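Read through the structure below, which is laid out as structure tokens, and then see the notes.
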Amino acid sequence: SLGTVKDTLPCPALEVAGSSSKNDVPRFWPAYMLQDWDLERAGRIKKNEDKSRPPIPRTDSKKSLETELSAITDLGAGESRVVSAPVNTVHVPLVNEEETDVTIEGGSFDGDGNQRTVGVLIIGDEILKGLTADANTQAAAEALRAHNVPLAKVVFVSDCPVSIEQEIKRLQQEVDIVITSGGVGPTHDDVTIKSVANALGKNMVFHEGMAELLRNKMDNSQQPDKNKLTQAQIKMSTLPSNAKLKYISEEKTDWPTLQCHNIFILPGIPQYFAKKIKDLAKYLSSQLERSATYKVILSVDESSIVPILNDAVDAHPNVSFGSYPFVGRPDFQTVLTLESRAVEEGKDQLSVSKDEMDNNVKRALDDLIYELEKREKGSILRVENDDRLSF
């Protein structure tokens, strides 16, 4: 996440024991040395309450600069991939969870107006061993992005029930919706559903609705009794006690999606996952239009524009900024991206219109360009009307 010097202190978990600088400030290991990633935000200062932030102060006129750059800043919206900034999440409590259903009302996952975050758990030894390439992360990111649903985190885990259970519990502390991929078949290493039950503290019970679905969709013609389930089908019909079959596809012949509280359980086979995640993304969608998006391509190193970017983030809380360094590129070194948020900071309603979002991001872009030209003159190579990072 992109913090600022105003709300972030050095992470105490990275402090080098017994070492200090001449200013008596502790020295710290780089972030990649962190061993417990639960502590990655240990230096973040919590905000007491939302406050309006003043715009970037200007001491001189920017009229000539705006005229000079007007040709590149007046750009239209284009299709692009998301660059997510931190989103304030509202966690779904596990207490009274039987009363909670994840539905869409008023543009949110639970009806109170806040745009929720999603985490994806990719399960499978074959992925971690390099035997199978992961295609489902890309499919999830594209599908959720297309429907304006923020994907906050992706986690990979082996076919170990304890590990799956632990990662589900961890994700539930960090995101609002968990989507799993893989481990839902009838064999011994398909342990996802049982792990979900354990993570939610639920018993595994025989689900007659699933059993009936399996009878109707699967060929039991070789069985002496066609209505009798096979051993594999019995396993697949045994689900957490709070499991629901959600028919969210527009095609009536499609299999339902299995939902347990705020967890949606999807198959791991890429062809099936891709279809399911598209349907699920549409189901979860806030149905909001996206704002115009921009990227600013720079000739300078990312570290040289940190103060400028921090000021822009502070001055425009309703805009998502991303900063991406590129190593080994002779033509540019850093790309900044901008996109307006669908929820205004300090509000709990999705009340921002498309025009308002476009105005927010254009104001932020104008301010950013102005400050870059003033403090890092000549650093802007070009501005484009999308935020894709493929070159």
Collect the residues in region 171-193 that are over 20 Å from Lys129 (Cα atoms), surrounded by 19 or more Cβ atoms within 10 Å (Cβ to Cβ) and in contact with a helix residue (DSSP H, G or I) (Cβ under 8 Å, 6 or more places away or on another chain), keeping them in residue-number order.
Gln172, Ile177, Val178, Ile179
Checking the structure you have, find out if any residue of region 323-333 is among the aromatic types (Phe, Trp, Tyr), at pLDDT below 90 and surrounded by fewer than 23 Cβ atoms within 10 Å (Cβ to Cβ).
no
Members of region 123-142 found to be surrounded by fewer than 23 Cβ atoms within 10 Å (Cβ to Cβ), in contact with a helix residue (DSSP H, G or I) (Cβ under 7 Å, 6 or more places away or on another chain) and at pLDDT 95 or above, listed by number
Asp134, Ala135, Ala139
Provide a single number: the residues in region 295-322 that are open to solvent by 40 Å² or more (accessible area, probe 1.4 Å), within 15 Å of Asp367 (Cβ to Cβ) and of a type in the set (D, E, K, R).
1
With the structure loaded, tell me whether Leu336 is in contact with a strand residue (DSSP E or B) (Cβ under 6 Å, 6 or more places away or on another chain) and open to solvent by less than 10 Å² (accessible area, probe 1.4 Å) or whether it fails that test.
yes
Among the residues of region 244-254, are any within 24 Å of Thr117 (Cβ to Cβ), part of a loop (DSSP other than H, G, I, E, B) and among the β-branched types (Val, Ile, Thr)?
yes
Just to be sure before I move on: is Leu245 in contact with a Leu (Cβ under 7 Å, 6 or more places away or on another chain) and crowded, with 19+ Cβ neighbours inside 10 Å in the structure I sent?
no
Answer yes or no: is there a residue in region 205-212 that is open to solvent by 80 Å² or more (accessible area, probe 1.4 Å), outside any helix (DSSP H, G or I), more than 28 Å from Val118 (Cβ to Cβ) and hydrophobic (A, V, I, L, M, F, W, C).
yes
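The values are calculated or read from the model by the stated rules, or taken from the named source; none is laboratory data. Predicted model, so just to flag it, every value in this text is computed and none were measured. With ideal geometry, Cβ positions are generated from the backbone for all residues, glycine too; neighbour counts draw on all protein chains shown. The protein model used for the area step is the full one, side chains on, heavy atoms only, and it has no ligands, DNA or RNA in it. Shrake-Rupley method; radii C 1.70, N 1.55, O 1.52, S 1.80 Å.
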